[in-house]
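Right, one structure below, let's go through it.
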Number of protein chains: 2
Amino acid sequence: MKHLQHFFDPKAVAIIGASATYGKPGYMIVENLIKWGYKGRIYPVNPYSGEILGLKVYENLKSIPEDVELVASLAPAKDTVKLIRDASEKGVRGIVIVSGGFSEAGGAGWSIEKEVVDTAYKNGIRIIGPNAIGPINTSNDFVLSFYPVESLKKGRVAFIAQSGQFVAPVMEFIFSFLNVGISKSFDLGNKCDIDDADVLQYLENDPDTKVVALHCEGIKEGRRFLKACKSISRKKPLIVFKTGRTPIGAKAAISHSGAISGDAFIAGAALKQAGAIRANGLDEFLDLVKTFDYLPFPKGKNVGIVTYSGGVGVIAADACEKCGLAVAKYSDRTISKIKSVLPKKATVSNPLDFFAVAPPKDIDSFYQTAILALGEDMNIDSIALCMMLPEKGIWTPDPYIILNAAKNISKPVVVWLVGYWESMRDIWKVLEDGGIPVYLSPERAIKAISALYRYSSRDFSID
Amino acid sequence: MKHLQHFFDPKAVAIIGASATYGKPGYMIVENLIKWGYKGRIYPVNPYSGEILGLKVYENLKSIPEDVELVASLAPAKDTVKLIRDASEKGVRGIVIVSGGFSEAGGAGWSIEKEVVDTAYKNGIRIIGPNAIGPINTSNDFVLSFYPVESLKKGRVAFIAQSGQFVAPVMEFIFSFLNVGISKSFDLGNKCDIDDADVLQYLENDPDTKVVALHCEGIKEGRRFLKACKSISRKKPLIVFKTGRTPIGAKAAISHSGAISGDAFIAGAALKQAGAIRANGLDEFLDLVKTFDYLPFPKGKNVGIVTYSGGVGVIAADACEKCGLAVAKYSDRTISKIKSVLPKKATVSNPLDFFAVAPPKDIDSFYQTAILALGEDMNIDSIALCMMLPEKGIWTPDPYIILNAAKNISKPVVVWLVGYWESMRDIWKVLEDGGIPVYLSPERAIKAISALYRYSSRDFSID
């Protein structure tokens with residue numbers, strides 16, 4: 001899959017249809033390339049000469065004096081076949097077709113797209129798109145996207161989508177809310193050439209990618225796709241968010257990306273057999289991304305639940321049972337360790353409710369003792385902490401004490417916080433910066449553990 | 001149900017076990033009563049004389065020179081029977097038993113609780129609890145809770161729970177994140193006397209309450225409960241979050257609130273028949289609370305979807321089909337109105353993807369035109385808006401324009417935002433302050449409409 005390298009680490013890139021008008025895609029791409037410090041050469045191309053952001057504008061590909069490895073095209077659909085021929089003469093290896101007006105537009109768009117594919121194939125040029133926003137590679141700060149990218153967070157998740165206006169804002173949300181970083185991001189658009197299977201093959205051996213998150217509307221070659229899923233998911237978790245799953249949704253997908261949604265191939269059972277983790281909805285997709293990025297795998301299904309609230313303990317216990325985890329008994333040693341910091345009469349069980357058994361003022365030492373004890377308890381494979389955050393800040397364990405207690409534990413530790421939002425976000429950030437993911441509900445925190453357990457035990461039936 | 005009035009609007013309240021030590025429940029209750037401006041008389045009671053927060057401390061109930069209507073008790077379980085006798089002599093009408101050590105503790109706790117109930121019954125005193133945090137009434141600023149309550153938001157949702165450490169921090173979350181206000185909040189604890197059915201009967205005629213949100217672990221008298229559900233849900237939406245639903249969860253519930261979870265009575269079918277809306281999990285519970293508080297009911301199941309992204313349109317369309325809504329055709333009039341602001345070649349369909357059909361710079365007028373047109377379109381019963389928020393703030397419709405366009409529309413309008421978190425929260429607040437609820441995923445925004453539609457069409461099968 002070496003050809004994909006042209007799309008992520010090109011020596012020189014030309015932007016066909018570059019614009020001097022702020023806000024237009026042809027301007028934003030040039031701005032992003034410069035702003036993010038792309039180290040290769042940038043050639044804006046349009047019929048009007050001049051400068052864009054200090055760069056000389058070329059009339060066409062031919063007039064560029066040096067080699068061009070990658071082209072981003074904002075040219076009208078009807079001009080694309082000619083562009084590919086010109087690109088071939090110039091020695092271009094890949095084209096990102098940003099423009100629409102191809103199969104997603106129906107009618108003549110279909111035949112134009114077909115001619116584009118044939119021409120590219122004959123000339124040895126690979127295509128991403130059409131109707132694609134452009135790739136991002138955080139390992140070399142290459143941002144070819146036309147989205148107004150203001151922040152990037154380098155990380156280990158590759159995020160592949162079939163919608164540019166989905167992948168770009170969702171990626172901002174992933175950085176700013178989920179506290180997760182990205183290795184590479186692509187929008188495959190209409191997938192006239194390079195498709196999901198190609199990308200999965202490429203990412204399988206990408207050392208920067210630990211987790212693969214795939215949003216897709218349509219899969220054309222189902223068997224090939226499933227084969228690629230099977231291969232990559234042996235090495236790293238593949239999370240699939242398939243949309244266009246209902247008849248109405250599938251209809252919308254055709255007019256969006258020309259996608260035939262092909263559910264027969266990637267329905268639950270086949271996908272599961274191929275080792276992929278299917279997300280039901282956006283919330284779950286994002287939770288899974290965060291979970292697999294942050295956490296180690298549990299050795300078994302026994303969860304230790306530590307709360308400040310009996311009511312929350314009941315909810316967490318329900319969630320464990322619903323998703324196939326167990327609320328195991330703590331070992332005698334754990335019980336005696338925890339009892340040592342509690343009043344004499346306190347009983348210690350799982351879920352452990354500190355509020356019921358002791359005055360809340362010593363909450364730091366309670367949580368610390370419980371985390372350390374559960375970390376060493378062979379009966380417990382993962383730890384779910386539930387914490388409350390009154391606006392006043394009392395009754396809340398110090399997040400640094402939690403991080404410190406958890407730092408040598410190789411079991412997954414998840415947190416659910418609830419209370420006054422601003423206080424929550426402060427503690428949330430401290431915990432996630434320290435490597436402990438926070439979830440918005442106890443059920444989601446528990447489901448995260450379940451997803452890890454199922455993947456690591458090769459039971460892929462995430463429901 | 002006049003007796004519940006003693007718990008929400010007492011002329012005088014005594015706190016048995018009041019404390020001068022900051023952070024202890026017996027201190028926090030007194031502080032909350034004073035801080036929130038309770039207009040009745042407050043009598044701290046403990047064996048040591050002195051002052052608490054400037055209030056004279058009384059040795060016992062008898063030594064209080066005036067009448068006491070309500071008592072909050074932090075006395076040990078074993079002293080509670082005597083307390084009730086003393087309270088009866090003093091003319092007390094209700095007791096909130098905050099202390100634990102009753103049925104939830106098992107063993108002797110069961111028999112103590114039984115004696116407490118018998119004694120109270122004989123003496124005409126009603127009980128909330130034991131093991132309850134204390135009620136809040138925002139209509140008269142009466143806060144008897146021992147939680148460190150720092151903010152209150154007056155509103156129309158009554159929030160009843162069976163866990164004090166659940167209701168209190170979740171209520172802070174409801175104020176600070178959901179932007180929803182509360183009429184009354186109660187934690188019923190072990191429900192030895194006053195139970196869910198009593199409270200539902202009371203709230204049925206409470207003019208301050210528009211929506212009832214009920215978290216419960218156990219229901220003792222199922223038939224009576226269902227009857228109360230049936231009665232209230234004819235007048236206002238009742239949302240039920242039943243926990244302790246699994247065997248492990250039910251076991252945890254017994255040790256938390258002594259609750260026998262009685263699923264036979266309040267399983268899905270019976271609850272549905274009684275008109276209640278069942279929430280599966282905390283996220284859904286909170287979404288439902290917000291939805292029924294904010295929105296009017298749709299007249300039918302036809303949703304108009306307006307997005308900036310074809311990919312998001314597909315997700316929203318999937319969500320409609322999954323929850324029984326329809327993605328209806330726009331009327332010819334709507335289509336021509338929207339076309340009038342778009343480039344000539346643009347096609348207008350539902351979902352409507354503005355990004356695909358027009359340059360994003362005119363996004364304000366696109367959204368405005370679409371909202372106004374859909375507001376008048378007889379084919380459309382509700383409107384789902386999806387918006388993206390790049391950190392830079394371009395390509396995002398002005399929220400005030402959205403509010404202004406939506407203000408005369410009597411159909412539900414919901415929003416899903418995605419992008420850079422800090423920008424999202426700013427626009428989020430503007431929209432919600434203006435009455436348009438924002439959801440964290442397109443599926444949840446659509447599910448909100450579905451819940452409204454099902455309730456209003458008396459189809460209570462929320463799944």
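Remark: B:Phe102 falls outside the filter, which requires a residue to be more than 18 Å from B:Phe8 (Cβ to Cβ), within 14 Å of chain A (Cβ to nearest Cβ), in contact (Cβ under 8 Å) with a residue 40 or more places away in the chain and touching a His at 6+ places or on another chain (Cβ under 7 Å). Here B:Asp426 passes the criteria (1) buried (at least 20 other Cβ atoms within 10 Å of the Cβ); (2) within 25 Å of the chain's Cα centre (by Cα) except the one numbered (1).
Is it true that some residue in the range B:288-306 is touching a Lys or Arg at 6+ places or on another chain (Cβ under 8 Å), crowded, with 24+ Cβ neighbours inside 10 Å and more than 10 Å from chain A (Cβ to nearest Cβ)? If you could, list the steps in order and put the result at the bottom.
Taking the range B:288-306 first, the residues touching a Lys or Arg at 6+ places or on another chain (Cβ under 8 Å) are B:292-293, B:296, B:298-299.
Checking which are crowded, with 24+ Cβ neighbours inside 10 Å leaves us with B:292.
Those still in the list that are more than 10 Å from chain A (Cβ to nearest Cβ) too: B:292.
Yes, that holds for at least one residue.
For the range B:118-135, the tally of residues that are out of contact with any helix residue (DSSP H, G or I) (no Cβ under 7 Å at 6 or more places or on another chain) and more than 16 Å from B:His3 (Cα to Cα) stands at 1. Among the residues making up the range B:137-158, none is within 7 Å of chain A (Cβ to nearest Cβ), surrounded by 24 or more Cβ atoms within 10 Å (Cβ to Cβ) and without any contact (Cβ under 8 Å) to a residue 60 or more places away in the chain.
Could we say that A:Asp187 is touching a strand residue (DSSP E or B) at 6+ places or on another chain (Cβ under 8 Å), more than 26 Å from A:Leu295 (Cα to Cα), of a type outside the set (A, V, I, L, M, F, W, C) and more than 14 Å from chain B (Cβ to nearest Cβ) here? Answer is no for this residue. For the range A:154-178, a tally of residues being more than 9 Å from the chain's Cα centre (by Cα), under 30 Å from A:Thr119 (Cα atoms) and either part of a strand (DSSP E or B) or of a type in the set (Ser, Thr, Tyr) (or both) returns 2.
Taking the range A:211-226 as the range and being at pLDDT 95 or above and not in a strand (DSSP E or B) as the test, no residue passes.
When the residues of the range B:14-38 are narrowed to those that are more than 14 Å from every other protein chain (Cβ to nearest Cβ) and among the β-branched types (Val, Ile, Thr), which ends up nearest to A:Glu391 (Cα to Cα)? Selected residue: B:Ile29. Each residue in the range B:211-228 was checked for being buried (at least 23 other Cβ atoms within 10 Å of the Cβ) and not β-branched (Val, Ile, Thr), and 8 of them qualify. Scanning the range A:159-184 for residues that are facing chain B (nearest Cβ under 7 Å) and either without any contact (Cβ under 8 Å) to a residue 24 or more places away in the chain or farther than 23 Å from A:Ser73 by Cβ (or both) yields A:Pro169, A:Val170, A:Glu172, A:Phe173, A:Ser176, A:Phe177. Of all residues in the range B:42-64, one or more are out of contact with any helix residue (DSSP H, G or I) (no Cβ under 8 Å at 6 or more places or on another chain), acidic (Asp, Glu), assigned to a strand (DSSP E or B) and surrounded by fewer than 21 Cβ atoms within 10 Å (Cβ to Cβ).
Conditions (1) more than 14 Å from every other protein chain (Cβ to nearest Cβ); (2) more than 19 Å from A:Glu172 (Cβ to Cβ); (3) of a type in the set (A, V, I, L, M, F, W, C), marked per residue:
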{"position": "B:Val357", "(1), (2), (3)": "no, yes, yes"}
{"position": "B:Ile363", "(1), (2), (3)": "no, no, yes"}
{"position": "B:Ala373", "(1), (2), (3)": "yes, yes, yes"}
{"position": "B:Asp377", "(1), (2), (3)": "yes, yes, no"}
{"position": "B:Ser382", "(1), (2), (3)": "yes, yes, no"}
{"position": "B:Thr396", "(1), (2), (3)": "no, no, no"}
{"position": "B:Pro399", "(1), (2), (3)": "yes, no, no"}
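For A:Val327, the requirement of being touching a Leu at 6+ places or on another chain (Cβ under 7 Å), in the same structural domain as A:Ile371 (by TED's automatic domain parsing) and crowded, with 16+ Cβ neighbours inside 10 Å is not met. Restricted to the range A:179-210, and to residues there that are surrounded by 24 or more Cβ atoms within 10 Å (Cβ to Cβ), assigned to a loop (DSSP other than H, G, I, E, B) and aliphatic (A, V, I, L, M), the residue that is modelled with the lowest pLDDT is A:Leu188. A single member of B:Ile402, B:Ile394 is of a type in the set (A, V, I, L, M), part of a loop (DSSP other than H, G, I, E, B) and assigned by TED's automatic domain parsing to the domain that holds B:Ile363, and it is B:Ile394. Of the residues A:Ile371, A:Ile409, the single one that is surrounded by fewer than 22 Cβ atoms within 10 Å (Cβ to Cβ) and modelled with pLDDT of 95 or more is A:Ile409.
Kindly provide the set of residues from the range A:200-215 that are touching a residue at least 40 places away in the same chain (Cβ under 8 Å) and touching a helix residue (DSSP H, G or I) at 6+ places or on another chain (Cβ under 6 Å), ordered by number. Correct list: A:Gln201, A:Tyr202, A:Thr209, A:Val211, A:Val212, A:Ala213. For the range A:9-25, the set of residues classified as crowded, with 23+ Cβ neighbours inside 10 Å and small (Gly, Ala, Ser) consists of A:Ala14, A:Ala18, listed by residue number. Any residue that is farther than 30 Å from B:Ile436 by Cα, at pLDDT 80 or above and not polar (S, T, N, Q) - is there at least one of those in the range B:265-286? Scanning the range B:265-286 turns up at least one residue that is farther than 30 Å from B:Ile436 by Cα, at pLDDT 80 or above and not polar (S, T, N, Q). Residue selection: B:Ile174 satisfies the criterion of being among the aliphatic types (A, V, I, L, M), at pLDDT 95 or above and buried (at least 24 other Cβ atoms within 10 Å of the Cβ).
Residues in the range A:86-134 that are crowded, with 20+ Cβ neighbours inside 10 Å and among the β-branched types (Val, Ile, Thr): A:Val92, A:Ile95, A:Val96, A:Ile97, A:Val98, A:Ile112, A:Val116, A:Ile125, A:Ile127, A:Ile128, A:Ile133.
The values are calculated or read from the model by the stated rules, or taken from the named source; none is laboratory data. The structure displayed is predicted, hence computed values, not measured ones. Positions of Cβ are generated from backbone atoms using ideal geometry, with glycine treated the same way; all protein chains shown enter the neighbour counts.
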